[in-house]
Amino acid sequence: MKNKLGNVKKCKTLIKHGMIKVNDEIITNTKYLIKKDDKIIYNNLMLKAQPFSYYMMNKPTGYICANRDIKEKCVIDLIDNKECYCLGRLDKDTTGLLVITDDPTLSKKLLLPQNHSEKKYLVKTKEILNNNLIELFKSGIIIDQDIKCLPAKLEIIDDHHCFVTINEGKYHQIKKMFLSCNNQVISLKRIAFAGIKLDEDLNYGEYRNLTDKELKLLV
């Protein structure tokens, strides 16, 4: 809808004023989730129900989260829609859940620090994990000598594997958090982002459209 009518603010104004019909009914709820087969009418003009693309990818190692690079392989090389970009970056050697879209409005909602989108990772460490790390992460780890991270949740699986959930995304944050605790991250995989869980049926490098339920978590 946004592609035809203007920016988000203008679209919301039109909806609130009863200018938009969905399936022949006037819709005034700006949070109404459009379905792919909905018929949307504005001023006798038929609009495309879903002007944007939303994908989930299981990112492989060796790719950077960029659209183009002279030296490195890029995540966008793996999908058909080259107008898309990644919502939140993963390091070259980090794997797992990426949300990829060509909808520019989602970046503000999901990536601004004050919005605190939750991200969960599966971590493998070099040294044995001690239970005292749980409280250290909960209290906020200091990285880069003087930067205190927001409280994080650490769940130990076994001696060298754990889940870490954070609500921010500082540069190399999880790796630095463990380094501050005299440990080292061997592998890192994002398994959830903003309420969306990684589809384990996706092999590394594969992607699919987000389901309506997953999309609702984002918008």
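The values are calculated or read from the model by the stated rules, or taken from the named source; none is laboratory data. The structure displayed is predicted, hence computed values, not measured ones. Reconstructed Cβ throughout: ideal geometry from the backbone, glycine too, with neighbour counts over all protein chains shown. Just the protein is used for accessible areas: all its heavy atoms, side chains included, with ligands, DNA and RNA removed. Shrake-Rupley method; radii C 1.70, N 1.55, O 1.52, S 1.80 Å.
Name the residues in the range 160-198 that are in a strand (DSSP E or B), charged (D, E, K, R) and surrounded by 16 or more Cβ atoms within 10 Å (Cβ to Cβ), would you?
Those that are in a strand (DSSP E or B), charged (D, E, K, R) and surrounded by 16 or more Cβ atoms within 10 Å (Cβ to Cβ): K189, R190.
Output the number of residues of the range 56-72 satisfying the condition of being assigned to a loop (DSSP other than H, G, I, E, B) and of a type in the set (A, V, I, L, M, F, W, C).
3
Within the range 72-86, track down each residue that is open to solvent by less than 70 Å² (accessible area, probe 1.4 Å) and free of Cβ contacts under 8 Å to residues at least 40 places away in the same chain.
Within the range 72-86, the subset open to solvent by less than 70 Å² (accessible area, probe 1.4 Å) is 72, 74-76, 78-79, 81, 84-86.
Answer for the range 72-86, where residues must be open to solvent by less than 70 Å² (accessible area, probe 1.4 Å) and free of Cβ contacts under 8 Å to residues at least 40 places away in the same chain: E72, C74, V75, I76, N81, C84, Y85, C86.
Considering only residues that are part of a loop (DSSP other than H, G, I, E, B) and open to solvent by 40 Å² or more (accessible area, probe 1.4 Å), which ones fall in the range 200-217? Lay out the reasoning, then the answer.
To start, the set of residues in the range 200-217 that are part of a loop (DSSP other than H, G, I, E, B) comprises 200-206, 210-211.
Scanning the range 200-217 gives E200, D201, N203, Y204, E206, T211.
What is the number of the single condition among (1) touching a Leu at 6+ places or on another chain (Cβ under 6 Å); (2) modelled with pLDDT under 95 that D212 does not meet?
Evaluating D212 over (1) touching a Leu at 6+ places or on another chain (Cβ under 6 Å); (2) modelled with pLDDT under 95 leaves (1) as the failure.
When you look at T30, is it in contact with a Lys or Arg (Cβ under 7 Å, 6 or more places away or on another chain), farther than 27 Å from I186 by Cα and surrounded by fewer than 18 Cβ atoms within 10 Å (Cβ to Cβ), yes or no?
Spelling it out, T30 is indeed in contact with a Lys or Arg (Cβ under 7 Å, 6 or more places away or on another chain), farther than 27 Å from I186 by Cα and surrounded by fewer than 18 Cβ atoms within 10 Å (Cβ to Cβ).
Scan the range 119-158 residue by residue and report those that are free of Cβ contacts under 8 Å to residues at least 24 places away in the same chain, among the basic types (K, R) and surrounded by 14 or more Cβ atoms within 10 Å (Cβ to Cβ).
Of everything in the range 119-158, just one residue is free of Cβ contacts under 8 Å to residues at least 24 places away in the same chain, among the basic types (K, R) and surrounded by 14 or more Cβ atoms within 10 Å (Cβ to Cβ), namely K153.
Residue-by-condition table, conditions (1) farther than 24 Å from D201 by Cβ; (2) within 24 Å of the chain's Cα centre (by Cα); (3) modelled with pLDDT of 95 or more:
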{"residue": "K108", "(1), (2), (3)": "yes, yes, no"}
{"residue": "Q114", "(1), (2), (3)": "yes, yes, no"}
{"residue": "L122", "(1), (2), (3)": "no, yes, yes"}
{"residue": "F137", "(1), (2), (3)": "yes, yes, yes"}
{"residue": "D146", "(1), (2), (3)": "yes, no, no"}
{"residue": "A152", "(1), (2), (3)": "yes, yes, yes"}
{"residue": "E155", "(1), (2), (3)": "no, yes, yes"}
{"residue": "I166", "(1), (2), (3)": "yes, yes, yes"}
{"residue": "F178", "(1), (2), (3)": "yes, yes, yes"}
